[in-house]
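K.L.:
Mind having a look at this structure? Questions to follow.
The values are calculated or read from the model by the stated rules, or taken from the named source; none is laboratory data. Bear in mind the structure is a predicted one, so any value in this text is a computation, not a measurement. Note that we place each Cβ from the backbone using ideal geometry, even for glycine, and neighbour counts take in every protein chain shown. When the accessible area is computed, the model is the full protein with side chains, heavy atoms only, and any ligands, DNA or RNA have been set aside. Shrake-Rupley method; radii C 1.70, N 1.55, O 1.52, S 1.80 Å.
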Amino acid sequence: MSYIDIIKNGIVKENPTFVLMLGMCPTLATTTSAMNGMSMGLATMAVLICTNFVISCMKSITPDKVRIPVFIVVIAAFVTMLQLVIKAFLPDIDASLGLFIPLIVVNCIILGRAEGFASKNSPVASLFDGIGIGLGFTIGLTLLGICRELLGSGSIFGFVLLPETYNILLFVLPPGAFIMLGFLIAIVNKLRS
């Protein structure tokens with residue numbers, strides 16, 4: 001499998017949001033706007049790329065009995081670094097995403113890719129897997145955020161497109177996340193079949 005195929009696999013065949021249905025907590029909670037969805041996706045992608053690479057490099061020296069705790073420590077280290085960078089340089093993003101940045105540590109996408117791909121493949125292939133899965137997650141969250149923000153607030157990335165009279169508040173509330181995610185999954189399944 002080429003590196004381009006690995007990236008395409010993460011975006012289309014194994015898209016975490018629309019196909020694997022992983023990471024639903026940040027998917028539903030942080031996508032009230034396109035900017036929040038994209039920010040959460042990029043943050044998760046950064047941790048995923050770094051984690052996959054380091055775990056793949058460490059796979060031969062990590063005993064099987066402590067494999068999962070080692071994975072979690074590596075993930076936690078990268079999430080802590082990311083959180084400090086976001087707090088220092090992107091305070092608006094830190095305020096809007098809040099608790100969901102530290103919760104990247106327990107995101108099943110990252111641990112699943114560490115166990116299922118990075119611990120069995122080369123560092124370069126694991127790096128590309130992180131890019132592909134991360135892009136798939138970012139695209140999924142951004143698309144969901146765009147739809148929810150457009151229907152709920154009448155804007156995309158803060159640019160107003162619809163008058164306030166056309167806004168449907170439901171879509172920026174938690175039930176709207178489930179409804180919109182269901183519609184997007186149905187559309188993706190139709191396009192894939």
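K.L.:
Take the conditions of a type in the set (S, T, N, Q), in contact with a Leu (Cβ under 7 Å, 6 or more places away or on another chain) and either closer than 30 Å to GLY154 by Cβ or not in a helix (DSSP H, G or I) (or both) and apply them to THR32. Does it pass?
P.N.:
Values: of a type in the set (S, T, N, Q): yes; in contact with a Leu (Cβ under 7 Å, 6 or more places away or on another chain): no; either closer than 30 Å to GLY154 by Cβ or not in a helix (DSSP H, G or I) (or both): yes.
Taking the combined requirement at face value, the residue does not satisfy it.
K.L.:
Return a yes/no flag: does segment 79-88 have any residue that is touching a Phe, Trp or Tyr at 6+ places or on another chain (Cβ under 6 Å), among the β-branched types (Val, Ile, Thr) and open to solvent by less than 20 Å² (accessible area, probe 1.4 Å).
P.N.:
Restricting attention to segment 79-88, the residues satisfying the condition of being touching a Phe, Trp or Tyr at 6+ places or on another chain (Cβ under 6 Å) are none.
For segment 79-88, residues touching a Phe, Trp or Tyr at 6+ places or on another chain (Cβ under 6 Å), among the β-branched types (Val, Ile, Thr) and open to solvent by less than 20 Å² (accessible area, probe 1.4 Å): absent.
K.L.:
Select from segment 152-179 the residues that are in a helix (DSSP H, G or I) and touching a residue at least 60 places away in the same chain (Cβ under 8 Å) and write down the one among them that is most open to solvent (accessible area, probe 1.4 Å).
P.N.:
Within segment 152-179, the subset in a helix (DSSP H, G or I) is 152-153, 164-166, 169-172, 174-179.
Filter once more, so that each one left must be touching a residue at least 60 places away in the same chain (Cβ under 8 Å): 152-153, 172, 174, 177-178.
Working: GLY152: 8, SER153: 53, VAL172: 37, PRO174: 92, ALA177: 0, PHE178: 136 Å².
Out of the qualifying residues, it is PHE178.
K.L.:
Going by the structure shown, is ILE109 at pLDDT 95 or above and closer than 28 Å to LEU184 by Cα? If you could, list the steps in order and put the result at the bottom.
P.N.:
Details: at pLDDT 95 or above: no; closer than 28 Å to LEU184 by Cα: yes.
No.
K.L.:
If you don't mind, another one. Residue pairs, Cβ under 7 Å, 6 or more apart or interchain, first in segment 64-92 and among the aromatic types (Phe, Trp, Tyr), second modelled with pLDDT of 95 or more. List them.
P.N.:
Matching pairs, first to second residue: PHE71/ILE55; PHE78/VAL47; PHE78/CYS50; PHE78/THR51.
K.L.:
I've got another one for you. Answer yes or no as to whether GLU149 is within 26 Å of VAL12 (Cβ to Cβ) and surrounded by fewer than 18 Cβ atoms within 10 Å (Cβ to Cβ). Step through it out loud before you land on a result.
P.N.:
Details: within 26 Å of VAL12 (Cβ to Cβ): yes; surrounded by fewer than 18 Cβ atoms within 10 Å (Cβ to Cβ): no.
Against the criterion (within 26 Å of VAL12 (Cβ to Cβ) and surrounded by fewer than 18 Cβ atoms within 10 Å (Cβ to Cβ)), GLU149 does not qualify.
K.L.:
Can you tell me which of SER122, SER193 is open to solvent by 60 Å² or more (accessible area, probe 1.4 Å) and either without any contact (Cβ under 8 Å) to a residue 12 or more places away in the chain or of a type outside the set (Asp, Glu) (or both)?
P.N.:
Working: SER122 fails: open to solvent by 60 Å² or more (accessible area, probe 1.4 Å).
Going through SER122, SER193 in turn, just one is open to solvent by 60 Å² or more (accessible area, probe 1.4 Å) and either without any contact (Cβ under 8 Å) to a residue 12 or more places away in the chain or of a type outside the set (Asp, Glu) (or both): SER193.
K.L.:
What helices (runs of 4 or more DSSP H) lie completely within segment 37-149 and have 2 or more residues being within 30 Å of LEU162 (Cβ to Cβ)?
P.N.:
Details: elements: 67-89, 91-97, 108-113.
The helices (runs of 4 or more DSSP H) meeting that bar are 91-97.
K.L.:
Tally the residues that are over 13 Å from LEU111 (Cα atoms) and either in contact with a Ser or Thr (Cβ under 6 Å, 6 or more places away or on another chain) or open to solvent by 70 Å² or more (accessible area, probe 1.4 Å) (or both), restricting the search to segment 58-77.
P.N.:
The first filter runs over segment 58-77 and keeps only residues over 13 Å from LEU111 (Cα atoms), leaving 58-66, 77.
From what is left, the residues that are either in contact with a Ser or Thr (Cβ under 6 Å, 6 or more places away or on another chain) or open to solvent by 70 Å² or more (accessible area, probe 1.4 Å) (or both) are 59-61, 63-65.
Number satisfying all stated conditions: 6.
K.L.:
Given the conditions (1) in contact with a strand residue (DSSP E or B) (Cβ under 7 Å, 6 or more places away or on another chain); (2) surrounded by fewer than 22 Cβ atoms within 10 Å (Cβ to Cβ), which single one is not true for LEU28?
P.N.:
The failed condition is (1).
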